[in-house]
Number of protein chains: 4
Amino acid sequence: MPLAPSKAAGLIKDETGAQSLIGYVVDVGGGDGCGRCWLDIGPQHLNRHGMLHGGIAAALLDNASGTTGSLSVDASGKVPFLTVSLTTQFIAPIGAGRVTATGRLMGGGRSLLYIDAQLHCDAGRLIASSTGVFKKVPAERLT
Amino acid sequence: MPLAPSKAAGLIKDETGAQSLIGYVVDVGGGDGCGRCWLDIGPQHLNRHGMLHGGIAAALLDNASGTTGSLSVDASGKVPFLTVSLTTQFIAPIGAGRVTATGRLMGGGRSLLYIDAQLHCDAGRLIASSTGVFKKVPAERLT
Amino acid sequence: MPLAPSKAAGLIKDETGAQSLIGYVVDVGGGDGCGRCWLDIGPQHLNRHGMLHGGIAAALLDNASGTTGSLSVDASGKVPFLTVSLTTQFIAPIGAGRVTATGRLMGGGRSLLYIDAQLHCDAGRLIASSTGVFKKVPAERLT
Amino acid sequence: MPLAPSKAAGLIKDETGAQSLIGYVVDVGGGDGCGRCWLDIGPQHLNRHGMLHGGIAAALLDNASGTTGSLSVDASGKVPFLTVSLTTQFIAPIGAGRVTATGRLMGGGRSLLYIDAQLHCDAGRLIASSTGVFKKVPAERLT
């Protein structure tokens with residue numbers, strides 16, 4: 001079943017090398033200001049315990065958070081933000097299925113934003129969470 | 001020039017799906033108790049700024065730290081540790097070349113370890129750093 | 001107006017040296033599993049910017065979190081938990097009035113708990129937040 | 001034995017309400033760019049376990065870090081920096097004696113600095129460590 005255009009328009013795939021490598025999908029179409037990032041877990045995402053690798057969980061949380069920062073500027077979700085610092089809590093293991101990271105803007109000012117994110121499995125269990133500091137890329141560095 | 005056997009014996013490649021996907025190499029042969037993990041950066045590791053993706057930097061720091069935990073038990077570097085929490089500071093961007101994460105045991109007890117790690121480029125610049133809490137996997141969970 | 005007995009019974013004051021020094025009040029009577037800790041800001045709590053000192057904000061968040069851990073065991077709020085790691089985000093400054101930290105249990109197992117906390121002013125503004133790892137003190141260390 | 005003048009000139013006491021309350025001393029006279037902050041532990045600094053309260057340990061690490069930021073600008077150690085985020089690892093308990101926090105500049109740019117700090121007891125044991133993001137207060141906010 002094809003996605004409705006307004007929904008599909010909010011999905012970002014294969015934008016970067018890392019995104020193609022890991023295979024996650026960014027969703028900026030939630031309409032609630034929260035960036036989302038999901039991944040269908042495959043064997044290539046597992047650590048030596050057969051569970052989702054912490055670095056990949058961190059990547060999903062980081063992407064959802066950065067996208068949330070972008071959405072605070074405009075609806076494209078593409079305004080660039082840099083991650084200054086990210087703390088990730090690895091709360092429960094997961095070895096298969098889809099996981100979705102959802103960001104939430106907690107505060108900040110013109111340049112720095114505080115953004116939290118949570119990674120849930122489809123059954124609603126909290127897998128990991130993060131809290132981070134993000135910085136809007138200054139305009140002079142974009143030219 | 002081939003690596004000396006004792007050195008090559010300390011390298012761990014393609015042990016897990018995530019390791020094969022990202023392409024990093026784990027080195028437990030330093031002889032100093034510090035786990036290492038390196039990556040030759042390619043286009044598949046870059047974010048939308050054309051720089052090493054933060055999630056991949058976090059994965060390298062996480063692996064070097066967990067390996068350092070393992071090395072505190074025995075020289076195989078394979079005793080399993082779980083990451084409880086990891087804080088990553090993204091200090092400088094890098095877009096190409098080799099980066100190496102090196103872990104360092106800071107303290108802890110029977111079950112929990114505090115491990116820091118630093119990610120440097122070959123020119124010696126500090127790219128990112130982390131501080132984390134790691135937990136030895138209880139023996140009853142390994143059977 | 002006097003507090004209802006059940007409410008007053010949930011307040012803990014001057015239990016420790018640090019609590020008396022700083023002057024915060026712990027409230028375990030919320031009935032929702034969330035430990036709380038409040039402080040009426042005075043000049044003795046301010047930093048060189050004339051704002052609530054970050055260390056004191058961290059102390060309030062830490063106490064609310066540890067109390068939340070205790071409340072996950074029993075309603076006394078006094079079962080001892082140690083702080084393993086705490087990440088604090090300093091979101092907005094505040095120079096006067098009452099601030100209240102509220103903890104929330106995010107996950108964990110028999111020994112380790114993941115607990116977040118938020119510090120709000122009476123007007124409802126988010127002043128600071130934290131995410132931390134807490135460890136139940138083993139029974140053998142309490143005798 | 002009196003301190004040498006150049007040394008005593010580097011000590012900052014009772015500068016703020018929080019400093020007087022807690023009783024720590026800031027030392028900007030190390031000459032190595034590292035801010036220091038020490039405290040002689042008394043009963044007023046203890047938690048319910050009879051050990052140094054985590055919030056006070058965090059305050060010492062925070063102060064040593066912020067002072068290190070100031071020292072990166074000039075030798076007065078008084079240029080104001082705000083703490084954006086601070087992660088503290090509570091590595092070992094301590095119940096008496098002097099503890100000293102020492103900051104170390106890890107990187108950063110014009111506005112944001114990454115600063116680590118370690119808290120040691122006089123016997124040299126690592127009690128706690130921190131990693132944080134600090135922001136130089138913009139000049140327009142100082143007038």
Tell me which residues, restricted to region C:84-103, are at negative phi, of a type outside the set (Ser, Thr, Tyr) and assigned to a strand (DSSP E or B). C:VAL84, C:LEU86, C:GLN89, C:PHE90, C:ARG98, C:VAL99, C:ALA101, C:GLY103
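D:LEU113: part of a strand (DSSP E or B) and closer than 30 Å to A:ARG110 by Cα, yes or no? It would help to see each step written out before you state the result.
On the way: part of a strand (DSSP E or B): yes; closer than 30 Å to A:ARG110 by Cα: yes.
Considered against the rule, which asks whether it is part of a strand (DSSP E or B) and closer than 30 Å to A:ARG110 by Cα, D:LEU113 comes out as yes.
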Note on region A:81-102: residues among the aromatic types (Phe, Trp, Tyr) and under 19 Å from C:THR87 (Cα atoms) are A:PHE90
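Answer with yes or no whether A:LEU21 is surrounded by fewer than 24 Cβ atoms within 10 Å (Cβ to Cβ), in contact with a helix residue (DSSP H, G or I) (Cβ under 7 Å, 6 or more places away or on another chain) and not acidic (Asp, Glu). Working first, answer last.
Working: surrounded by fewer than 24 Cβ atoms within 10 Å (Cβ to Cβ): yes; in contact with a helix residue (DSSP H, G or I) (Cβ under 7 Å, 6 or more places away or on another chain): yes; not acidic (Asp, Glu): yes.
Considered against the rule, which asks whether it is surrounded by fewer than 24 Cβ atoms within 10 Å (Cβ to Cβ), in contact with a helix residue (DSSP H, G or I) (Cβ under 7 Å, 6 or more places away or on another chain) and not acidic (Asp, Glu), A:LEU21 comes out as yes.
Of all residues in region A:93-137, which are small (Gly, Ala, Ser), over 16 Å from the mean Cα position of the chain (by Cα) and buried (at least 20 other Cβ atoms within 10 Å of the Cβ)? Please lay out each step first, then the result.
Restricting attention to region A:93-137, the residues satisfying the condition of being small (Gly, Ala, Ser) are A:95-97, A:101, A:103, A:107-109, A:111, A:117, A:123-124, A:128-130, A:132.
With over 16 Å from the mean Cα position of the chain (by Cα) added as a condition, the list becomes A:95-97, A:107-109, A:111, A:123-124.
Hit for region A:93-137 is A:GLY108, nothing else.
Pick from D:GLY50, D:GLY33, D:GLY42, D:GLY55: which is within 21 Å of D:CYS121 (Cβ to Cβ), surrounded by fewer than 16 Cβ atoms within 10 Å (Cβ to Cβ) and touching a helix residue (DSSP H, G or I) at 6+ places or on another chain (Cβ under 8 Å)?
Every option except D:GLY42 fails the conditions.
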Spot the failing condition for C:VAL73; the list is (1) more than 12 Å from every other protein chain (Cβ to nearest Cβ); (2) outside any strand (DSSP E or B); (3) within 13 Å of the chain's Cα centre (by Cα), and only one is missed. (3)
A:GLY50 is checked against (1) more than 10 Å from chain B (Cβ to nearest Cβ); (2) part of a loop (DSSP other than H, G, I, E, B) and fails just one. What number does that condition carry? (1)
Please verify whether region B:24-35 includes one or more residues that are under 21 Å from A:GLY17 (Cα atoms) and more than 8 Å from every other protein chain (Cβ to nearest Cβ). yes
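FYI, it's all coordinate maths here, none of it is from the lab. Just so it is clear, the model here is predicted, and its values are computed rather than measured. Every residue, glycine as well, gets a Cβ built from its backbone with ideal geometry; the counts of neighbours run over all protein chains shown.
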